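The numbers here are math on the coordinates, done by the rules we state, and not lab data. Quick caveat, the model's predicted, so the values are computed rather than measured. Here Cβ is always computed from backbone atoms with ideal geometry, including for glycine, and neighbour counts include all displayed protein chains.
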Amino acid sequence: MSRKQKKTLIRIILSAVLLIVAFCLPVKGVYRAFLFLLPYIIIGYDVLWDALRNILHGQMFDEKFLMMIASIGAFAIGEFAEASAVMLFYQVGEFFQSIAVGKSRKSITSLMDIRPDHVTVLRGGREEIVDPEEVEIGETIIIRPGEKIPLDGEILSGSTAVDTAALTGESIPVERCVKDKVISGSINLSGVITVRTQSRYEESTVAKILELVENSSEKKSKTENFITRFARYYTPCVVIAAVFLAVVPPLILKDGWNEWIHSALSFLVVSCPCALVVSVPLSFFGGIGGASREGILIKGANYLEALSKIDTVVFDKTGTLTKGTFSVSSIHSEDTETVSESKLLEIAALAESFSNHPVGKAVVSAYGGEIDKSRVSEVKELAGMGLEAVVDGDVYNFGNEALLHKIGADIKLYELSGTVIYAARGKKYIGYVVINDEMKDDAKEAVNALKSVGIKKTVMLTGDSEDTAKNIAEEAGVDEWYAKLLPADKVKKVEDLLATGSKVAFVGDGINDAPVLSRSDVGIAMGALGSDAAIESADIVLMDDKPSKIAIAVKISRKTMNIVRQNIIFSLFVKFAILILAALRIANMWVAVFGDVGVMIIAILNSMRSMMKTK
């Protein structure tokens, strides 16, 4: 509990005691008024001050203005106990709100613990402790057991277990050794490691995540925006209605001014839109906080709301349903006398050494020899097809079937399982290299989980061959699959689904899927650890490589939206019912207090369910 909350709680208890004393003492007149005025001032002075300050700034119609008018009006007509009680219960509601917001904020701001305080950098053979912002790319830092990893980098020496729970929600540490990458925001658990930095602090994973979290509250959902607009017009309307209720009936009936003013004041109290204005944003805030504990970063309430409406999930294959760690499984030369299989692999490795694509890296790794890049004079990447390179003076093309058809090579097709890189020298087809990629352990579980939460259709898109796509799709259990797709084709497939009225979420690795991520209703990036593109282009980021987290995100979003709808319906029903009763002089101020503060507390408690773990 914060210091401010403790002070508020003390004021609530003191005012409640004084209010009970005032009820019990048999005094009348000015002394009775004073006894009730004392707790009223103690508990309500800040509300009165804020209301007056808002009026001076032209912000009249808010809940504090309504509380001030209602309570002062109650004092004016001699309802001292009700005036003090209105202010006390209002502050009780505000106190519950602050507790709930604090609890929800803690779920999100616990991520702020990943921010590093300092870093030990090795300079000139000496250790220096500096701010993370002062470390340049390529410097060597030392991270000891128990310290946060301050910057993204590659381990130069040592091995350790790394706790990534703050990023992924996974409690099981992962082992890291020389040449492995480590990500800022995780914690070094067991061994001393030296790391070569690969990013500046402002470009690191931890900095991007913190920026994402800090900005998430700015992106409001359609429901939040509606409630804000509703409150803007609703409050002035009820004030006008209260004035009408206080003045017109007694003028017509020629009596009962106090009774009608009392009804008007009750009308003002119950009309406060606190329950809606507080509980709806709190529900979204709680949902985002609950998701963050699962290692799911949602960039705003608008994306949480959109996710709840999704009925179709489209997967990119590589790095999403599959591990994205490729290895060469076979090499075939069409003419071994002209180009042996080892020579074919060597030429492919020289060409692919200029590519950052995982397939290219697998070819280089399989070759294993020294890469002399001076033998390569020109490399041209052809998006979605492969690359063209000049190696030892000859023009080679390495890529998919579409590339070789484009250059006019007489290609021979084989029924092969895996990603096939066809090779041509000039326009002559010379062979192929087969790359295989394993399916993720929980890919099938992810697809089944999505179907269990009501997703109507699952689709897989890939640039791979039809045989590879078919094998992965059948193993994962997706409903539809499409192969041999270029990046533009993937966008077209998503647009076709959108045109049918489907609400589409696209799941990609965030590296080369930015166009499709932005075109879908909700873009979800997998494998965000170390992927800048994932954090920047997606609406939702899963901080590990588990597609099964998508179903959890859908559950959280739908649970949050159910809570939001419950609060809206319950709040409006009770308020309008009591407003009618107040206008008919049936409901008194105590009923109005329940209609305002009671409903708000119930709505807040209901909102707090969005912070709880979703089963």
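A few notes on this one:
- Backbone amide hydrogens, once placed in the peptide plane, bring VAL420 within less than 5 Å of ILE435, SER465, excluding anything fewer than 5 places away on its chain.
- For the chain, the mean residue ellipticity at 222 nm estimated from helices alone is -16500 deg cm²/dmol, where every DSSP H run of n ≥ 4 contributes -39500 (n - 2.57) and the total is divided by all residues, rounded to the nearest 500.
- Of the residues MET87, ALA51, SER557, the one whose Cα sits farthest towards the positive end of the charge dipole of the chain is MET87 (charges of +1 on Lys and Arg Cβ, -1 on Asp and Glu Cβ, taken about the Cα centre).
- Label assignment, log10 I(q)/I(0) by the Debye sum over Cα atoms at q = 0.06 Å⁻¹ derived from the structure, set [x] -0.37; [y] -0.30; [z] -0.47: [z]
- Sequence-separation-based contact order of the chain, relative, with Cα cut under 8 Å and 6+ spacing, percent: 15
- Set LYS406/LYS428; LYS343/LYS428; LYS503/LYS555; LYS317/LYS412 screened for pairs whose C-alpha atoms are more than 19 Å apart: LYS317/LYS412
- From most to least packed by mean Cβ count within 10 Å, the peptides 498-507, 297-306 give 297-306, 498-507.
- Links that overshoot a 23 Å alpha carbon limit, given the list LYS309/LYS575; LYS456/LYS546; LYS179/LYS323: LYS309/LYS575
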